[in-house]
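Student: Structure provided below as structure tokens; questions to follow.
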Amino acid sequence: MEATGEHVTGKWIYWAELRAGLLGAALALVSPIVQAEGLTHAFAHAMEQDPTWAEARARYAEVLADGDLARAGYHPVLTVAGRATANHREVVGDYFGLQDIDRSDDFEAFGYSIQLRQPILRLDRWRQRDAASLRVAAAAARLNAAEVDLMLRVADAYFAALDAEQDLEFAKAELRAISDRADQVREQAQLEIATELGRSEADAQRELARARVLRAEQALLTRRAELALITGEPTMVLSAIRSYGYLPELSTTDREAWVQQARESNPLLVATRLESEVASRAVDIERAARLPTLDLIAQRDYIDNSGGVSGEREDSEDLIGLELRLPVFDGGATRARTTAAVARYEQALARQARAQRQAEFQATSAHSALLLGREQVAALRTARSATYDAVEATEGGVFAGTRTEVDLVQALRERFDAERALTRAVHGYLLNSLRLKAAAGTLGTPDLMSVNRMLDD
């Protein structure tokens, strides 16, 4: 009995030490990480490295240039042309009243032409200029939408990598616990305290735990690679949430208020509205191609011939006046372009309707997920506390002989599962808060900084 008592006491000390070690592994997940980079650092890297964001900025710069091009359509145009030629001319027969001419000559000629043209009445260009301003506004909204999308992609990838890191730490902690238990059962089997069946079961659990570690390592590599696709930083050290006591509150819990805000300010919806206006102006531009145009022109032509049939001469001509052009028939090209512009306008209206429905759905979905997420976090906090009590109760049962080591390992695993579920729920709540603000068109860097403070505190 004394030996048995020593064995039970030693087993109690063993599980107490194991529990402390596993608790330390869990706390390591939420302890400060040296030189860790938070969410705002990841976003800063993405602003510099993400190809999708770089493409969006280049597209915006392109639209700005197109706007300058449209405004240039009503500016004066000055053209200068010069010419220097070597000529050979032959004249046979009558030539300006002279009969029976048979003459050839080699000579040089120099000349230039200067023309200034100022559009006065070009309705299509006026409308192009107005449409260009709308295109710039739509491009700015698209750029804002791209920035919001980048924030969400960074946050999704960042928290996915954090989840994967946590899964790996928990898997390693479980492997250590199960491996230590398997070693203990093996020793007990040698002392004939445990059965061979128990030893086989412990070995099987250890191999399963090792497989879970390998799977978690692969998942972490994948998640970090996905984050690196955005940030360009494959070795970024992540900063984890270290306190679950505070969750950011909503400015209002009224779902309809968020949906209405999305209808008014969602960046993609704003962009599609402006693009519909641009498409409408494009129809007017094509129709204006049928209208007459009026330009003011001033021109000077000069030529200096060193020879020729008429001999050496210098000619110059100056003119100033108005030029009126009236399109009469272009083979149906204007009608075809107008029909195509109307079709593009209808497409733009359809995209606008789809964008509005998506904005409303995103706001509704994120709002519901946020409210349910808060309740889930509260429930998981209670569950986590209960698992701590369950571990202590199971330890007491092992000491009393009413519970087994298998029961204790299972209790510890449930506690780790509760920790993991709570962390994932908090991550999900924070992501849904960002998604709701993104749908409503209010997401900005201050919101990322607010989430980042939860990582740094």
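The values are calculated or read from the model by the stated rules, or taken from the named source; none is laboratory data. What you see is a predicted model; the values in this text were computed from it and never measured. Cβ coordinates were reconstructed from backbone atoms using ideal geometry, including for glycine residues, and neighbour counts include every protein chain displayed.
Student: Of the residues Y74, Y158, Y112, only one is within 30 Å of L220 (Cβ to Cβ) and touching a strand residue (DSSP E or B) at 6+ places or on another chain (Cβ under 9 Å); which?
Tutor: Of the residues listed, the single one that is within 30 Å of L220 (Cβ to Cβ) and touching a strand residue (DSSP E or B) at 6+ places or on another chain (Cβ under 9 Å) is Y158.
Student: Here's a follow-up. Would you pick out the residues in the range 433-457 that are of a type outside the set (D, E, K, R) and outside any helix (DSSP H, G or I)?
Tutor: G441, T442, L443, G444
Residue-by-condition table, conditions (1) in contact with an Asp or Glu (Cβ under 6 Å, 6 or more places away or on another chain); (2) surrounded by 12 or more Cβ atoms within 10 Å (Cβ to Cβ):
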position	(1), (2)
E249	no, no
A289	yes, yes
L324	no, no
Q347	no, yes
Q352	no, yes
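Student: Tally the residues that are in contact with a helix residue (DSSP H, G or I) (Cβ under 9 Å, 6 or more places away or on another chain) and more than 23 Å from S365 (Cβ to Cβ), restricting the search to the range 434-453.
Tutor: Residues in the range 434-453 being in contact with a helix residue (DSSP H, G or I) (Cβ under 9 Å, 6 or more places away or on another chain) and more than 23 Å from S365 (Cβ to Cβ): 3 in total.
Student: Could you give me the residue pairs with C-beta distances under 8 Å whose first residue belongs to the range 197-214 and is among the small types (G, A, S), whose second residue is modelled with pLDDT of 85 or more and outside any helix (DSSP H, G or I) wherever it lies, and which are 6+ apart or on separate chains?
Tutor: none
Student: Exactly one of (1) in contact with a Gly (Cβ under 6 Å, 6 or more places away or on another chain); (2) acidic (D, E); (3) not in a strand (DSSP E or B) is unmet by D156. Its number?
Tutor: D156 satisfies every listed condition except (1).
Student: Determine the pairs where a residue that is under 21 Å from Q128 (Cβ atoms), located within the range 329-356, has a partner that is part of a loop (DSSP other than H, G, I, E, B) with Cβ atoms under 8 Å apart, the partner being 6 or more residues away or on another chain.
Tutor: T334/A289; T334/R290; T334/P327; R337/A289
Student: Same structure, new question: Only one of (1) in contact (Cβ under 8 Å) with a residue 40 or more places away in the chain; (2) touching a strand residue (DSSP E or B) at 6+ places or on another chain (Cβ under 7 Å) fails for L319. Which number is that?
Tutor: Condition (1) is where L319 drops out.
Student: Which numbered condition trips up R374, out of (1) under 37 Å from the mean Cα position of the chain (by Cα); (2) not in a helix (DSSP H, G or I)?
Tutor: For R374, the exception is condition (2).
Student: Give me the residue from the range 114-139 that is of a type in the set (G, A, S) and touching a helix residue (DSSP H, G or I) at 6+ places or on another chain (Cβ under 6 Å) and, out of that set, surrounded by the most Cβ atoms within 10 Å (Cβ to Cβ).
Tutor: Among those that are of a type in the set (G, A, S) and touching a helix residue (DSSP H, G or I) at 6+ places or on another chain (Cβ under 6 Å), it is A139.
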